[in-house]
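These notes are about the structure you will find just below.
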Amino acid sequence: MKNLFNSLDEPSRRQFMATAAKAAFGLSVVPIFGQGLLNAATPKEEMTSAIRKKPAKHCVYLYMAGGMTHIDTLDPKPGASTMGPSKAVSTKADGIQLGETFARTGAHMKHGAVIRSMTSTQGAHEQAAYMMRTSYTPRNTVRHPSMAAWTQYFFSQRNETLPGGIMIGGGGDHPLSGYLEAKFAPLPVGNPDKGITNIHPPKGVDLPEMRNRLDVLGALNQSFYKKYDAIKEMRGHEDMYFDAVKLMASKDLEAFDIYKEPADVRQRYGENNFGKACLLSRRLIEKGVRFIDVSSGGWDMHDGLFSAIKERTDPIDQGLAALIADLERLGLLEDTLVCLVSEFGRTPTINDTNGRDHYPKAFSTLLMGGGLKGGEVYGSTDKEGREVTEGKIGFEDFNATIAYGLGMPLDKVITSPDGRPFTVAHKGKPLINLFKA
């Protein structure tokens with residue numbers, strides 16, 4: 001058996017690994033995480049720099065897929081023709097207004113900072129979303145890591161059995177671990193209602209038997225690892241198997257079951273996917289998960305925006321407000337940086353179908369918790385929301401701000417497997433003054 005196994009070529013070995021995964025777990029890891037994860041390798045590191053002294057320990061990254069309209073949410077323009085029928089409301093932070101559909105979030109603005117001077121050159125969804133999550137423009141020759149992956153790369157897991165990163169509702173276009181090893185990719189949870197699926201052992205196989213199968217697989221692989229040590233993805237693949245078994249046996253697996261929460265708590269977050277994702281995020285933070293990436297779509301509102309926007313924003317406003325309130329109540333808000341982002345804004349001019357089109361020239365994001373000073377606005381646009389008039393920043397700067405908030409070394413150079421130097425946020429400059437320390 002040993003000689004036969006070692007004689008297999010690489011495609012045959014990959015097929016063997018997939019078959020072994022099915023035998024050990026009753027599922028295949030490759031379709032879940034994507035073939036790209038099998039093509040990563042461990043990078044080299046170079047210099048480091050000073051980092052934030054009291055960084056946040058967690059991040060909840062709320063991505064509004066499709067391009068959230070900034071004028072109707074985070075950067076209202078009362079009295080301007082571009083505002084249309086939308087209205088602005090005051091918040092608990094003096095002088096800061098939000099769109100009326102974000103009124104519940106506005107009650108917590110003393111913990112937040114609205115950034116109204118975002119700008120980008122990317123006006124197509126896929127390219128803009130990629131740059132938003134990685135700080136780099138897409139290239140055919142390299143796939144860059146997401147912020148979730150960087151967090152796991154720089155910091156150890158705070159929980160021995162739960163993954164350091166979780167992705168809730170993300171699609172196949174997520175950069176995941178990029179050129180970093182597969183073990184740094186966030187674990188995908190497709191539906192917060194169901195938590196992790198296929199996590200229980202197959203019929204007739206208990207956890208000790210699964211561990212025994214992995215030991216056998218590891219023994220079979222030893223000579224291959226010695227001969228082909230540079231093929232790091234094989235070890236990363238095996239690491240995922242062992243991590244999965246640890247998770248199966250962990251009592252912390254209950255963190256993924258939001259129905260452990262009382263009915264009134266679930267109702268407070270909202271009986272919708274986004275509200276449930278926020279509730280799941282809070283439960284995972286309580287268990288030490290560092291980075292949670294949540295996607296919520298439906299923002300590509302070219303038509304009928306004003307008749308649909310309340311339906312779109314209401315779950316976001318409710319879930320986000322409930323998350324901030326609970327994190328504060330539990331004493332976790334100072335240690336948790338919550339980010340509300342989108343790949344671009346939407347045109348100030350209302351189009352002929354009563355909607356707004358793609359607009360990367362000026363848009364907004366929101367940060368809350370994480371040791372921010374709070375109750376602040378950074379940057380501004382003109383009276384119609386068309387042009388950034390003060391404090392212009394790009395996604396590199398925004399991601400550098402997140403990285404700084406979490407204590408990552410911004411100028412540490414990481415060399416990808418093909419020999420290219422990269423940093424966590426490209427050439428971004430963090431907005432350090434938004435934080436207390």
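The values are calculated or read from the model by the stated rules, or taken from the named source; none is laboratory data. Please read all numbers here as calculations on a predicted model, not as lab measurements. Every residue, glycine among them, receives a Cβ derived from its backbone with ideal geometry; neighbour counts consider all protein chains shown.
Taking region 262-298 as the range and being in contact with a Lys or Arg (Cβ under 7 Å, 6 or more places away or on another chain) and not in a helix (DSSP H, G or I) as the test, the residues that pass are 288, 290, 298. The criterion of being buried (at least 20 other Cβ atoms within 10 Å of the Cβ), among the hydroxyl-bearing types (Ser, Thr, Tyr), out of contact with any Pro (no Cβ under 6 Å at 6 or more places or on another chain) and under 30 Å from residue 78 (Cα atoms) does not hold for residue 401. Once region 117-175 is narrowed to residues that are assigned to a loop (DSSP other than H, G, I, E, B) and charged (D, E, K, R), the residue that is nearest to residue 288 (Cα to Cα) is 158. So is residue 253 of a type in the set (A, V, I, L, M, F, W, C) and modelled with pLDDT of 95 or more or not? No.
Checked against (1) at positive phi; (2) in contact with a Gly (Cβ under 7 Å, 6 or more places away or on another chain), residue 338 passes all but condition (1).
Exactly one condition in (1) crowded, with 21+ Cβ neighbours inside 10 Å; (2) at pLDDT 85 or above is not met by residue 236; state its number. Tallying (1) crowded, with 21+ Cβ neighbours inside 10 Å; (2) at pLDDT 85 or above, residue 236 fails exactly one: (2). Among the residues making up region 51-92, a single one is more than 20 Å from residue 380 (Cβ to Cβ), among the aliphatic types (A, V, I, L, M) and in contact with an Asp or Glu (Cβ under 7 Å, 6 or more places away or on another chain): 56. Annotation: residue 246 fulfils all but one of (1) outside any loop (DSSP other than H, G, I, E, B); (2) of a type outside the set (S, T, N, Q); (3) touching a Ser or Thr at 6+ places or on another chain (Cβ under 7 Å); (4) modelled with pLDDT of 90 or more; the unmet one is (4).
For region 274-311, what are the residues that are of a type in the set (Lys, Arg) and closer than 22 Å to residue 86 by Cα? Hit for region 274-311 is 310, nothing else.
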